[in-house]
Amino acid sequence: MSSSRARLVLAANAAIGGGGQGRNLAHMIRGLSESFDLEVFAAASAPDFPVRVVPPSRLGRALQAIPGLRRRRDISVALQDSHFDRVVARRMGPAAIFHGATGQCLESMARARDLGARTVLDVVTLHIDDFGAELERECAVFGIRPPISRRLQETMRAEYRAADLIRVMTDLAARTFLERGFDENRIAVVPPPLMIERFPEPRHDDATFRVCFVGLLEPWKGFHYLIEAFHGLSRSDAELVLWGGSGSRPVSRYLAEHLARDRRIAIRTIGDRDAFLKAAYGGASVVVLPSLSDGIGLAAIEAMASGVPVIVTDRTGAADLVEDGRSGYVVPARDVTALRERLAELAASPSLRRDMGRAAREAAQQLTLDAFRRRYIPRLEALLG
């Protein structure tokens, strides 16, 4: 790597390419490595890029072995993220820019400033006031604790105040900061880049109308509103496939009950990514993301890249990319009736699905690596100016 380029420390407690945060980290590496000398801290090594691995907290692993505490995800998340933050703060060297993931970098951001760096906070959700409220509301429906404790939410607010620049993925996410008085010059709206060639074209020749949900089967993702809407879709040729896993017993019980009630519903696990892309998006008639609070919803834009129409809520950042009625539909959050009506329209018209799918792929083609760099690199360089 060239010594003439500015050095940037990139830190996120995720495995590169794994899950939403891991895919975001991979996007950052691809997008920034040509312009900066990167030092990357992550939770696991990667085959194609040098990474400084931060192993999990021993205390966190010990608590996971205690039956009574195993289900306290709020404690586990806070312990692991604060451990990651401390290790990065201790190991990082001088840099021009520190770029950390929200909830995981308050201490390392302070250390970076002491070493003379400018600081960037990468926020993949909406503002925590919005996100936290929806977590509490929807988790209460299932009688479970939100995975982000109120103490960790306070840490996130402190990070917001401390960062020189806050990167968000969509205009929706930006508005949740601007509405709270943040200076627009501190907010950078930078959608993620997509490698469009990786995504399969849909077949559109399946006799089954296949509705797909992709993501965590967690209350704030709104999967239960989709299940309720699907129950009311009176078509024997319809199928609902939930791609993901549950992190709590109450959600698992809910799923078991509804799978027994409606044999058209199935759950699939996400394994090998290439095989998953072909099976999930390649076989979908429509992908639905009924989230109550989502910074973008990568599953929706990945589906669009695959030429699949989508239905998203107005509290999902991916709605920025959806032209309602042309490349998909945008419905109010929690509106089961609106969701069921849109599903019925798509089920009744294969030609509508094909037309929407083409428009969706055209929209997703805007999200290139070059577009990401044109939008983001000048904002980072301006920090150094």
Subject >> Residue among 124, 87, 120 that is part of a helix (DSSP H, G or I) and either β-branched (Val, Ile, Thr) or touching a strand residue (DSSP E or B) at 6+ places or on another chain (Cβ under 6 Å) (or both) >> reply: 87
Original post:
Can residue 179 be described as within 30 Å of residue 30 (Cβ to Cβ), modelled with pLDDT of 95 or more and of a type in the set (Asp, Glu)?
Top reply: no
**OP:** Filter the range 180-216 for residues that are more than 22 Å from the chain's Cα centre (by Cα) and charged (D, E, K, R) and give the result.
**Re:** 180, 183, 184, 201, 203, 205, 206, 210
Original post:
Of the numbered conditions (1) outside the structural domain of residue 244 (by TED's automatic domain parsing); (2) out of contact with any Pro (no Cβ under 6 Å at 6 or more places or on another chain), residue 372 satisfies every one except a single condition; which is it?
Top reply: (2)
Subject >> Qualifying residue in the range 240-249 (condition: buried (at least 16 other Cβ atoms within 10 Å of the Cβ) and under 19 Å from residue 137 (Cα atoms)) >> reply: yes
Original post:
How many residues does the range 331-362 contain that are among the hydrophobic types (A, V, I, L, M, F, W, C) and more than 18 Å from residue 284 (Cα to Cα)?
Top reply: 4
Original post:
Of the residues that make up the range 200-208, is at least one surrounded by fewer than 22 Cβ atoms within 10 Å (Cβ to Cβ), hydroxyl-bearing (Ser, Thr, Tyr) and not assigned by TED's automatic domain parsing to the domain that holds residue 77?
Top reply: yes
Original post:
Within the range 166-178, restricting attention to residues that are without any contact (Cβ under 8 Å) to a residue 24 or more places away in the chain and not basic (Lys, Arg), which residue is nearest to residue 123 (Cα to Cα)?
Top reply: 174
Subject >> Filtered residues of the range 106-134 (kept if among the hydroxyl-bearing types (Ser, Thr, Tyr) and within 21 Å of residue 148 (Cβ to Cβ)) >> reply: 108, 125
Original post:
In the range 1-25, how many are surrounded by fewer than 21 Cβ atoms within 10 Å (Cβ to Cβ) and without any contact (Cβ under 8 Å) to a residue 60 or more places away in the chain?
Top reply: 9
Original post:
From the residues in the range 332-382 that are over 30 Å from residue 185 (Cα atoms) and touching a His at 6+ places or on another chain (Cβ under 8 Å), which one is surrounded by the most Cβ atoms within 10 Å (Cβ to Cβ)?
Top reply: 357
Subject >> Single condition residue 177 does not satisfy, out of (1) crowded, with 18+ Cβ neighbours inside 10 Å; (2) in the same structural domain as residue 306 (by TED's automatic domain parsing); (3) more than 18 Å from residue 19 (Cβ to Cβ) >> reply: (2)
Subject >> Verdict on residue 150 being within 22 Å of residue 316 (Cα to Cα) and either modelled with pLDDT under 95 or not assigned by TED's automatic domain parsing to the domain that holds residue 111 (or both) >> reply: no
**OP:** Starting from residues that are of a type outside the set (Gly, Ala, Ser), buried (at least 24 other Cβ atoms within 10 Å of the Cβ) and more than 18 Å from the chain's Cα centre (by Cα), keep the ones in the range 306-330 and report whichever is nearest to residue 229 (Cα to Cα).
**Re:** 329
Original post:
Among the residues of the range 145-156, is any surrounded by fewer than 16 Cβ atoms within 10 Å (Cβ to Cβ) and among the basic types (Lys, Arg)?
Top reply: yes
**OP:** Specify the residue that is farthest from residue 270 (Cα to Cα); the eligible residues are those in the range 234-249 that are hydrophobic (A, V, I, L, M, F, W, C) and more than 19 Å from the chain's Cα centre (by Cα).
**Re:** 238
**OP:** Starting from the range 28-43, take each residue that is within 10 Å of residue 9 (Cβ to Cβ) and list its partners that are in a strand (DSSP E or B) and not basic (Lys, Arg), counting only C-beta distances under 6 angstrom and pairs at least six apart or across chains.
**Re:** 36/8; 38/8; 38/10; 39/9; 40/10; 41/11
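Listed here are the residues, each with its yes/no results for (1) under 21 Å from the mean Cα position of the chain (by Cα); (2) within 18 Å of residue 186 (Cβ to Cβ).
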site: 78; (1), (2): yes, no
site: 83; (1), (2): no, no
site: 115; (1), (2): no, no
site: 121; (1), (2): yes, yes
site: 129; (1), (2): yes, yes
site: 136; (1), (2): yes, no
site: 139; (1), (2): yes, no
Original post:
Do any residues in the range 202-214 that are farther than 14 Å from residue 355 by Cα have Cβ atoms under 6 Å from those of residues that are surrounded by fewer than 15 Cβ atoms within 10 Å (Cβ to Cβ), where the two are at least six apart or on different chains, and which pairs are they?
Top reply: 208/237; 209/237
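The values are calculated or read from the model by the stated rules, or taken from the named source; none is laboratory data. Given the structure is predicted, the values throughout are model-derived calculations rather than measurements. All Cβ positions, even for glycine, are placed from backbone atoms using ideal geometry, and neighbour counts span all protein chains on display.
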